[in-house]
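Colleague: Here it is, the structure, as structure tokens.
The values are calculated or read from the model by the stated rules, or taken from the named source; none is laboratory data. This is a predicted model, so every value here is computed, not measured. Backbone-built Cβ (ideal geometry, glycine too); neighbour counts: all protein chains shown. Heavy atoms of the whole protein, side chains included, go into the accessibility calculation; ligands, DNA and RNA do not. Shrake-Rupley method; radii C 1.70, N 1.55, O 1.52, S 1.80 Å.
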2 protein chains.
Amino acid sequence: MTALGSAAPVLAPRVLDRCRALVQPALAEAVGRLHPWVGEMAAYAFGWCEVGGAPAAAPGGKGVRQALAVLGAEAAGAPGRAGVAAAVAVELVHTFSLLHDDIMDGDAARRRRPAVWKAYGTGPAVLAGDALFALAVETLAARPGGPAAVRTLSAALGDLVRGQAEDLLFAARPWTGPERVRPDEYRAMAERKTGALLGCAAALGSVLGGAAAETSAALDRAGRHLGVAFQIVDDVLGVWGDPAVTGKPVHGDLRERKKTFPVLVALRTPAAPRLAALLESGADPQEAAALIEQAGGRSAALTEARRHLAAVEAALTAVPLEEGAVTDLRSLLGFLVRRDL
Amino acid sequence: MTALGSAAPVLAPRVLDRCRALVQPALAEAVGRLHPWVGEMAAYAFGWCEVGGAPAAAPGGKGVRQALAVLGAEAAGAPGRAGVAAAVAVELVHTFSLLHDDIMDGDAARRRRPAVWKAYGTGPAVLAGDALFALAVETLAARPGGPAAVRTLSAALGDLVRGQAEDLLFAARPWTGPERVRPDEYRAMAERKTGALLGCAAALGSVLGGAAAETSAALDRAGRHLGVAFQIVDDVLGVWGDPAVTGKPVHGDLRERKKTFPVLVALRTPAAPRLAALLESGADPQEAAALIEQAGGRSAALTEARRHLAAVEAALTAVPLEEGAVTDLRSLLGFLVRRDL
């Protein structure tokens, strides 16, 4: 596609590994300060242990947020370690949101293991999420002179929760008619639910790295657009992706009647009544997928994703940033949304 | 009992009303910034509306925490309005913790109405709690120059969650033997679960009122001891209190097999085996209550509560505080624990 991510398949895993190595000791130290029971649930969520505490090497997350925080500090000309507190905070917030979202969405599995609420119970999972949330704030607040950092994090927290509220409410709204979900509402939801924390990660790293306000704002903007692009590409893969590559069931999002971007676009065309009936009946996801594609849902989604990737690029060139960090950032962005765009 | 609270029945409601009037507009403004759906759940929890949003005048909390924050600012010599952001933050945190604790404890009712999770569902109640938590941090972080304030709040948040974890785990432990819950463990739990936020409220108000570090520390200490005293008196009332006064079922805590302070003390005496058997069978709470009293559980609890009230008084006289605020603080403390000690 574009310059974004051309070297990604090679570079990105190295970047992720480097940042993980830098952040992991501080993250483990923070989690180690939790009540042991809560700490075990957190460690399980991070893939560090099994239920009961036995060590595990389960797949944790990719660690994109911690990498963005480290690279944010480096982009501001500071050493990567300046961004470590930011990295710890955003990883804790991300894990908190996964724990609670899985409860709200009734998702029983996460990264091919039982979700925390399935493994430990709903109440304990609520508590573990709260503990991670509190620990994230504490981690940042403990750093001297970081009021801007806490403000940056708390704004993202607010957006995260608002985005989740919007997403939950979308499910209850009709496919068609004046109450239907408009694509621009979806875009705003995705920016809050996914983009806000990605933007916060990079911005927070840069704040701790001593960046000027406009540098942090540009990195925040880049992360927010990245989040929207990522979410929309994820939607496309949820309908047309190869299950062997995505690890998701074919047409899973259609079977679950998710109001994804390609669907919402197709519902604005004359195909809407037939598509709505198909989706509602859940009868033949293959037919629905074909109809969405004919109605232009797939191509509109890819165009929208490209538009947001261009906005990422524009944000990264709007302010002076340290060159090596920008190369690493680009590889990450490409890695995140490279999948058959 | 002591000087504490001698004028409380007259003064305290006036103090609570005055502080509520000062805080309410800012609290309503903050809640009004939430997503409307989440804001309705929050307003329901505060007693401002019914399910669906119709205005209500349901009993909210007593507003002790917001009053402590206002009085903390006044104690530091600032006008009460200096403590309003602290008051808003601690009321939001308190309500967040009620929402999530009711889920964890399976408590279906709160203040004679269905708990939020019963009225709106578990997932939405998790979300509403998260939103209040995020809003609390945002409210404090938005104030210029408040890193000490965010640190004070985040330390209390950590304690709150740890105290709740400890409380949940107490339920699973045996009545007797080496794994039984010791009274000092209970005290530490109560300080974290109840005392930390009371202490935080007064300390945070004083921080925003420009207090010296030792003044805030003394107010924090006073609130923590108050929390332990309150919890232990609550335990005594849960066994021997008059249901007409407490609004709780007679012997309710015994029927629910709660590991309260008087019970834990009695379990350290030779009465332990018989008491454990009685509590486990749930047969005759009246007999258990009598046995706990004979074993000295009631008097030990009252002694312990008085000890913590004396520590509150010692903390309040350890630093110079504005006199009028201290009178109001004393009336509040007396109001909270005055009940037939």
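Colleague: Can you give me the C-alpha center-to-center distance between the range A:23-52 and the range A:247-301, rounded to a whole angstrom?
Modeller: So the separation of the two Cα centres works out to 40 Å.
Colleague: Moving on to the next point. To the nearest 20 debye, what is the magnitude of the charge dipole of the range B:8-337 about its Cα centre, counting +1 on the Cβ of each Lys and Arg and -1 on the Cβ of each Asp and Glu?
Modeller: About 100 debye.
Colleague: Considering the dipole of the range B:223-305 built from charges on the beta carbon (Lys and Arg +1, Asp and Glu -1) around the Cα centre, which of B:Ala283, B:Gln231, B:Thr246 is farthest to its positive end?
Modeller: B:Gln231
Colleague: Starting at the first residue of the range B:49-58, write each ³J(HN,Hα) from the Karplus equation 6.51 cos²θ - 1.76 cosθ + 1.60 with θ = phi - 60°, in whole Hz, x for Gly and Pro.
Modeller: 8, 8, 4, x, x, 4, x, 9, 10, 6
Colleague: Which loop-located GluC sites (Glu not before Pro) does the range A:167-216 contain, where loop means any DSSP state but H, G, I, E or B and the Cβ has at most 14 other Cβ atoms within 10 Å?
Modeller: A:Glu179
Colleague: Within 10 Å of each Cβ in peptide B:31-37, how many partner chain Cβ atoms are there on average? Round it to a whole number, please.
Modeller: Counting Cβ atoms of other protein chains within 10 Å of each residue's Cβ and averaging gives 3.
Colleague: Suppose every Lys and Arg Cβ carries +1 and every Asp and Glu Cβ carries -1, with no other charges. What dipole size does the protein assembly as shown come out with about its Cα centre, to the nearest 20 debye?
Modeller: Here the size comes out at about 20 debye.
Colleague: Further, regarding this structure: For the pair A:Ala213 and A:Thr303, how long in nm is the line joining their label points, each one 7 Å along Cα→Cβ?
Modeller: Modelled inter-label distance: 3.7 nm.
Colleague: Please identify the DSSP H helices in chain A that span no less than 27 Å along the helix axis (Cα) and have a mean Kyte-Doolittle hydropathy of 1.6 or more.
Modeller: Answer set is empty.
Colleague: With a 1.4 Å probe and all protein chains in place, put A:Lys258, A:Lys248 in order of accessible area, largest first.
Modeller: A:Lys258, A:Lys248
Colleague: Farthest toward the dipole's positive end in the range B:91-137, which of B:Ala131, B:Ser97, B:Ala108, given Cβ charges of +1 (Lys, Arg) and -1 (Asp, Glu) about the Cα centre?
Modeller: B:Ala108
Colleague: When the helices in chain B are scored as -39500 (n - 2.57) per DSSP H run of 4 or longer and the sum is shared across all residues, what 222 nm value do you end up with, to the nearest 500 deg cm²/dmol?
Modeller: -22500 deg cm²/dmol
Colleague: Which residues does the label zone of A:Lys258 cover in the range A:76-110, counting backbone N under 20 Å from a point 7 Å along Cα→Cβ?
Modeller: Correct set: A:94-110.
Colleague: In this model, which of A:Lys118/B:Lys248; A:Lys193/B:Lys62; A:Lys118/B:Lys118; B:Lys62/B:Lys248; A:Lys118/B:Lys259 are farther than 23 Å apart at the alpha-carbon?
Modeller: Over 23 Å Cα-Cα: A:Lys118/B:Lys248; A:Lys193/B:Lys62; A:Lys118/B:Lys259.
Colleague: Right, another one. Across the residues of A:158-166, average count of Cβ atoms on other protein chains within 10 Å?
Modeller: Rounded to a whole number, the mean comes out at 6.
Colleague: Compute the distance from the alpha-carbon center of the range B:165-185 to that of the range B:314-329, in whole Å.
Modeller: About 36 Å separates the Cα centre of the range B:165-185 from the one of the range B:314-329.
Colleague: Oh, and also: Over 39 Å, how big is the tail of the calculated P(r) for the protein assembly as shown, in percent of all Cα pairs?
Modeller: Beyond 39 Å sits 37 percent of the P(r) for the protein assembly as shown.
Colleague: Rounded, prolate or oblate, given the Cα gyration tensor of the range B:195-341, with a/c below 1.5 counting as rounded?
Modeller: prolate
Colleague: From the label point of B:Gly106, set 7 Å along Cα to the beta carbon, how far off in nm is each other copy's matching point, shortest first?
Modeller: Reported distances to equivalent positions: 2.1 nm.
Colleague: Put the label 7 Å from Cα along Cα→Cβ for B:Arg14; what are its distances to the other copies, in nanometres, shortest first?
Modeller: Here the equivalent label points are 7.5 nm apart from this one.
Colleague: Moving on to the next point. Given label points at 7 Å from Cα along Cα→Cβ, what nm distances, shortest first, separate A:Arg173 from the same residue in every other copy?
Modeller: Nearest to farthest, the other copies are at 5.0 nm.
Colleague: Along the Cα→Cβ direction, 7 angstrom out, place labels at B:Ala21 and A:Ala314. What is the inter-label distance in nm?
Modeller: Here the answer is 5.3 nm between the modelled labels.
Colleague: Still on this structure, I have one more. Using 7 Å Cα-to-Cβ label points, what is the B:Ala57/B:Asp284 separation (nm, one decimal)?
Modeller: Result: 4.8 nm between the two label points.
Colleague: Under 5 Å between amide hydrogens, which residues at least 5 positions from B:Arg110 or on another chain qualify, with H placed 1.01 Å from N in the peptide plane?
Modeller: Here B:Ala115 satisfy the definition.
Colleague: Taking the C-alpha atoms of the range B:22-174, how large are the radius of gyration and the largest Cα-Cα span, Dmax, in Å?
Modeller: 15.7, 50
Colleague: With a cut-off of at most 12 other beta carbons within 10 Å, and DSSP calling the residue loop, which trypsin sites (Lys or Arg not before Pro) in the range A:79-151 qualify? Please list them.
Modeller: Here the sparse-neighbourhood loop sites are A:Arg112.
Colleague: If the chain between A:Thr327 and A:Arg81 were fully stretched, how many nm would it gain, using 0.36 nm times the residue separation less the Cα-Cα distance?
Modeller: 86.8 nm
Colleague: Do any residues of the range A:92-126 show a loss of at least 50 square angstrom of accessible area between the isolated chain and the full protein assembly, using a 1.4 Å probe, and if so which?
Modeller: Buried by the other chains: A:Met104, A:Val126.
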